[in-house]
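Everything below concerns the one structure shown next.
The values are calculated or read from the model by the stated rules, or taken from the named source; none is laboratory data. Bear in mind the structure is a predicted one, so any value in this text is a computation, not a measurement. As a convention, Cβ positions derive from the backbone with ideal geometry for all residues, glycine included, and neighbour counts pool all protein chains shown.
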Amino acid sequence: MDYLFLVSIGPVQDFIASARRTRDLAFGSWFLSELSRAAARAIVRQNGLSSLIFPAPTAMEMLDPNNTDFIVPNKIIALVPQSPQDLGKQVQQAVKDRLRAIRGIAYGKVHFAEGMRSIAEGQVEDLVETLWAGLPFDGQNYEQARAQLEALMNARKNTRNFRQMPPGRPVPKSSIAGQLESVIPEWAYPAPGATEEEKQRKARALYDNYGAGPAERLSGVDLLKRRGVTAYGEHFQSTSHMAALPFLERLKQILTNRHLQLAKAAWDTYIQEVRKFSQQLEYIPDHVPPHPLLGKYDGSMLLESRLVDILYVAGKDQGLQQARLALQNFYSVLDEQCKALHFAAKRPGPYYAFLQADGDEMGKIIDAQAKQSPERHQQLSRKLSEFAEQARNIVNEHRGALVYAGGDDIMAFLPLDTVLECASRLARTFRKTLQAFPDQEGQTPTLSAGIAIAHHLESLYQVRQLTKRAEERAKDVSGKDALSITLSKRSGEDYHITGHWKDLDISLPQLVDFCRKEALPAGTAYELRDLLLRLGISTDETFSSAQEQASTQYAEVIKWDALRILKRKLYVPRDKFPPKQAEEIERFFKAWLGVEQEPHVDVEQVQPMPIRDLIDALIIAGTVADAKQLAEPQKEKSRI
């Protein structure tokens, strides 16, 4: 007798989401994949590699601990001859053993106060739920059997295991998740009224031992993330590093030989100054190549605003002031070398991108394959694994940092200068890789993505929420296969653009190109926004029915007045832009505004967009263009 066997490991979203640093987020994703890998390996050891339906590895080595080339999702389906009761116990034990091994490495680096380690271990032990369900399968009607198995699992998830909780302790809760109690004793924190020396000493001890900030209360689960070691090492690029990447790419292209050596000497002096007060500096992961100037240091070291975090001291502390002076001296030397090579002196930009993508209607795609056979479902699983590996390579090629790539789910940090190309390539690769697996209506799989462009000091929780809402907007587009981008300015204003890939793949790169060439008149977006405001039409998400009616009523007026504004900026004064360049911009804007015009080969695929969307697209394109210009200094040399 064969059995269909389903394993679910969680919680997923809550565990990953409770992250204050990029490292917390990356560790949470890797940790859950490792536990799932242990479960899959336990199944294969007893029933052979071919027993796995989802995922469907092609070699046992792919399930080895710390294998970075194959990510295992938290849901596993297998077809096995073994009793589900016996296999379920073996899988649960395998997951528990792997959890304890990872926890042991993390906690081995922490000196716990008396009694705290057992509390922390208990919190982690209670964190993971390994649930399984199984039913007999006679080889007939796989689709129906799988649906029944899913129903059994849903019923099991609704039947919770409740155990007696230990008495509560009068201590603060975790400042990250807010549910579990902190396992750091209160005496480890600086007391009110403590001297600056005492504050600094305790702040350093907190970071060195627990990886905690001066005001952070961490639970055992938080500590697991902070002190755990993934297959990629202990470090993960910060949001500040992501924001600095276009600038780092610029330096890589500009500085060579003697100019690089002089800048490197100033950088080393700065690092030595910081090291006088702290040894816990920020580094990039081991697998990321060192930068010619910064070496393995994280790009956050370039930003004065991050020095307080690095040195854990008050703003008026002497050590902080000395580090600031050393950083300013480094930039002075760097600026001299750039100018000597006829390049403008620049600084890192403050914005980076966070991407979250997901396959559209994958339930229907899986159902269509399951209707045929378990083998067809297995083939789809292998293609999804193939895409996940391609996604890792694509993100790396665009200098991004992949957080998770499991099947059709992608999560990654990216620099602004490459985010549009990376997202577009991910969508194209997904469509191409899975084109042989249509649903029952013949629709082939597509990928929709949400992107948040945010300030590097913005709360990671808030950025993840922005990205999630952007992805939801993409999923709401008719037919999906869509992209949604949110630019969140630190001033509090947000800008959005949402549409099908086939439209945004044309319009956004063209707008970015106009901005990069300085061919787009400055202030165009803001004048267009003033036009709407004069008509009483909101330009943000608070768009009432009355405003919707006004927007429709004045649609033609808005189009032609917008075109008038653009023409005034293009043609007055006459010599502001070359005639051919001005005419090209005008043609594209007529297409975006939906104004009647003579057909032209360059714009026949451009889709009209509402004026509010065009305004936001212009602002988003300008932000991306700034990053691209920063990362490609050769294109500015002739103007310096």
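Here are the numbers:
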read-out	value
Residue in segment 419-429 that is within 26 Å of ARG20 (Cα to Cα), assigned by TED's automatic domain parsing to the domain that holds ALA391 and of a type in the set (Gly, Ala, Ser) present	yes
Single condition GLN462 does not satisfy, out of (1) assigned to a helix (DSSP H, G or I); (2) in contact (Cβ under 8 Å) with a residue 40 or more places away in the chain	(2)
Top-ranked residue of segment 191-205 - restricted to ones that are farther than 20 Å from TYR107 by Cβ and of a type in the set (Gly, Ala, Ser), ranked as surrounded by the most Cβ atoms within 10 Å (Cβ to Cβ)	ALA203
Search result, residues across segment 471-484 that are without any contact (Cβ under 8 Å) to a residue 60 or more places away in the chain and either buried (at least 24 other Cβ atoms within 10 Å of the Cβ) or on the phi < 0 side of the Ramachandran plot (or both)	GLU472, ARG473, ALA474, ASP476, VAL477, SER478, ALA482, SER484
Residue check for PHE343: modelled with pLDDT of 90 or more and more than 26 Å from the chain's Cα centre (by Cα)	yes
Test: LYS569 is in a helix (DSSP H, G or I), at pLDDT below 80, out of contact with any His (no Cβ under 6 Å at 6 or more places or on another chain) and under 30 Å from ARG250 (Cβ atoms)	yes
Test: residue in segment 363-370 that is in contact (Cβ under 8 Å) with a residue 12 or more places away in the chain and either out of contact with any helix residue (DSSP H, G or I) (no Cβ under 9 Å at 6 or more places or on another chain) or closer than 19 Å to ILE453 by Cβ (or both)	yes
Those residues of segment 108-122 which are over 30 Å from LYS157 (Cα atoms) and touching a helix residue (DSSP H, G or I) at 6+ places or on another chain (Cβ under 9 Å), in sequence order	GLY108, LYS109, VAL110, HIS111, PHE112, ALA113, MET116
Segments classed as helices (runs of 4 or more DSSP H), wholly inside segment 206-325, with at least 1 members that are surrounded by fewer than 21 Cβ atoms within 10 Å (Cβ to Cβ) and of a type in the set (Val, Ile, Thr)	257-275, 307-311
Top-ranked residue in segment 150-187 [being over 33 Å from the mean Cα position of the chain (by Cα) and of a type in the set (A, V, I, L, M, F, W, C); ranked as modelled with the lowest pLDDT]	MET165
Total residues in segment 123-146, condition closer than 30 Å to ILE184 by Cα and touching a helix residue (DSSP H, G or I) at 6+ places or on another chain (Cβ under 7 Å)	5
Hey, LEU149 closer than 21 Å to ILE43 by Cβ, surrounded by fewer than 16 Cβ atoms within 10 Å (Cβ to Cβ) and aliphatic (A, V, I, L, M) or not	no
Filter result for the condition that a residue is in a helix (DSSP H, G or I) and at pLDDT below 80, over ILE558, ILE615, ILE537	ILE558
Subset tally (residues that are charged (D, E, K, R) and touching an Asp or Glu at 6+ places or on another chain (Cβ under 9 Å)) for segment 472-494	6
ALA452 vs. criteria crowded, with 22+ Cβ neighbours inside 10 Å, assigned by TED's automatic domain parsing to the domain that holds ASP408, out of contact with any helix residue (DSSP H, G or I) (no Cβ under 7 Å at 6 or more places or on another chain) and not in a loop (DSSP other than H, G, I, E, B)	no
Checking LEU149 against (1) closer than 25 Å to GLU34 by Cα; (2) not in a helix (DSSP H, G or I), the condition it does not meet	(2)
